[in-house]
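Trainee: Handing you a structure now.
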Amino acid sequence: RQSVKRLVDIAGALVGLCLLWPLFLAIAIAIKATSEGPVFFVQERCGYRRRLFRMHKFRSMVKNAPDLMKDLEHQNEARGPIFKIRQDPRITPLGRFLRASSLDELPQLLNVLLGHMSLVGPRPMSVRDVSLFGEAMLMRRFTVKPGITGLWQVSGRSSLSFDQWIKLDFNYIDDWSLALDFQILAKTVMVVAKRTGAV
């Protein structure tokens, strides 16, 4: 079944990249025209078995956002090891739109094609967040490839607590099937269209 999942990932990523390249180009031009810095934000994330890989997103923040993070840690609104500020001052005006519409995530189709990620799975977490994990059981979420979308995205996204997020990850790992993946992909389209829980 995992081999079929990989074939679905490859086919989905290829179709997505072929169909969406005009949108990629338009977003890239808009980013360059509205703020200084590169088009893509590239960051090391923990993937399958905690192997590090370089995840790609369209840049939605100012170019020196990682350097500014240490000055914002005290404003973290999330409980648990994750970092989240609803009114993050590092996000550009265009970036807010890209995040609300989830368009910033599209370059991860490249990560899927390269085998770092799957279309569906737990979200890839930053090295910073994983370093703060306090329970060995949390490492179970790294027994599958991370995904562009997953149960977290179709169940409330940023409106959920860290504990709810992790519970959904474990539910996905325990109940995984190809049918579940297709259900999540279908729900993702509706969630993105409604911008549910986006920050």
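The values are calculated or read from the model by the stated rules, or taken from the named source; none is laboratory data. Note that the structure is a prediction, hence the values are computed from the model and not measured. Backbone-built Cβ (ideal geometry, glycine too); neighbour counts: all protein chains shown. Surface accessibility is based on the protein's heavy atoms, side chains included, excluding ligands, DNA and RNA. Shrake-Rupley method; radii C 1.70, N 1.55, O 1.52, S 1.80 Å.
Trainee: In segment 6-24, how many residues are touching a residue at least 12 places away in the same chain (Cβ under 8 Å) and either surrounded by 13 or more Cβ atoms within 10 Å (Cβ to Cβ) or aromatic (Phe, Trp, Tyr) (or both)?
Mentor: Of the residues in segment 6-24, the ones touching a residue at least 12 places away in the same chain (Cβ under 8 Å) are 6, 8-10, 12-14, 16-17, 20, 23-24.
Adding the requirement that they be either surrounded by 13 or more Cβ atoms within 10 Å (Cβ to Cβ) or aromatic (Phe, Trp, Tyr) (or both) leaves 6, 8-10, 12-14, 16-17, 20, 24.
Final tally of qualifying residues: 11.
Trainee: Okay, moving on. Quick check: anything in segment 55-72 touching a residue at least 60 places away in the same chain (Cβ under 8 Å) and closer than 28 Å to Phe182 by Cα? Give the steps one after another, and end with the answer.
Mentor: If we filter segment 55-72 for residues that are touching a residue at least 60 places away in the same chain (Cβ under 8 Å), which is where we start, we get 55.
Applying the additional criterion that residues be closer than 28 Å to Phe182 by Cα yields 55.
Checking segment 55-72: at least one residue is touching a residue at least 60 places away in the same chain (Cβ under 8 Å) and closer than 28 Å to Phe182 by Cα.
Trainee: Same structure again: Of the conditions (1) modelled with pLDDT of 95 or more; (2) assigned to a loop (DSSP other than H, G, I, E, B), Ile82 satisfies every one except a single condition; which number is it?
Mentor: (1)
Trainee: I would also like to ask the following. Tell me, which helices (runs of 4 or more DSSP H) lie completely within segment 113-199 with 3 or more residues that are open to solvent by less than 30 Å² (accessible area, probe 1.4 Å)? Let's see the steps before the verdict.
Mentor: Details: elements: 127-130, 162-175, 178-194.
Output list reads 162-175, 178-194.
Trainee: How many residues are surrounded by 15 or more Cβ atoms within 10 Å (Cβ to Cβ) and either touching a helix residue (DSSP H, G or I) at 6+ places or on another chain (Cβ under 9 Å) or β-branched (Val, Ile, Thr) (or both) if we restrict to segment 25-39? Please lay out each step first, then the result.
Mentor: Taking segment 25-39 as the starting set, the residues that turn out to be surrounded by 15 or more Cβ atoms within 10 Å (Cβ to Cβ) are 27-28, 30-31, 35, 37, 39.
Then keep just the ones that are either touching a helix residue (DSSP H, G or I) at 6+ places or on another chain (Cβ under 9 Å) or β-branched (Val, Ile, Thr) (or both); that gives 27, 30-31, 35, 37, 39.
Residues flagged as surrounded by 15 or more Cβ atoms within 10 Å (Cβ to Cβ) and either touching a helix residue (DSSP H, G or I) at 6+ places or on another chain (Cβ under 9 Å) or β-branched (Val, Ile, Thr) (or both) within segment 25-39 amount to 6.
Trainee: Could you list, in sequence order, the residues of segment 85-114 that are of a type in the set (A, V, I, L, M) and at pLDDT 85 or above? Step through it out loud before you land on a result.
Mentor: Going through segment 85-114, the residues of a type in the set (A, V, I, L, M) turn out to be 85, 91, 94, 98, 100, 103, 106, 109-110, 112-114.
Selection gives Ile91, Leu94, Leu98, Ala100, Leu103, Leu106, Leu109, Leu110, Val112, Leu113, Leu114.
Quick grid of which residues meet (1) assigned to a loop (DSSP other than H, G, I, E, B); (2) of a type in the set (A, V, I, L, M, F, W, C); (3) farther than 28 Å from Ile82 by Cβ:
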| position | (1), (2), (3) |
| --- | --- |
| Asp9 | no, no, no |
| Gly16 | no, no, no |
| Trp21 | no, yes, yes |
| Ala26 | no, yes, yes |
| Phe41 | no, yes, no |
| Glu44 | no, no, no |
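Trainee: Right, next: Being assigned to a helix (DSSP H, G or I), on the phi > 0 side of the Ramachandran plot and surrounded by fewer than 16 Cβ atoms within 10 Å (Cβ to Cβ): is that true of Arg49 here?
Mentor: Numbers: assigned to a helix (DSSP H, G or I): yes; on the phi > 0 side of the Ramachandran plot: yes; surrounded by fewer than 16 Cβ atoms within 10 Å (Cβ to Cβ): yes.
Yes.
Trainee: Give the residue that is nearest to the chain's Cα centre (by Cα), with candidates limited to residues of segment 124-179 that are modelled with pLDDT of 85 or more and aromatic (Phe, Trp, Tyr).
Mentor: Among those residues, the one meeting the criterion is Trp152.
Trainee: Next question, about the same structure. Just to be sure before I move on: is Lys57 at pLDDT below 95 and surrounded by 13 or more Cβ atoms within 10 Å (Cβ to Cβ) in the structure I sent? First the steps, then the outcome.
Mentor: Values: at pLDDT below 95: no; surrounded by 13 or more Cβ atoms within 10 Å (Cβ to Cβ): yes.
Against the criterion (at pLDDT below 95 and surrounded by 13 or more Cβ atoms within 10 Å (Cβ to Cβ)), Lys57 does not qualify.
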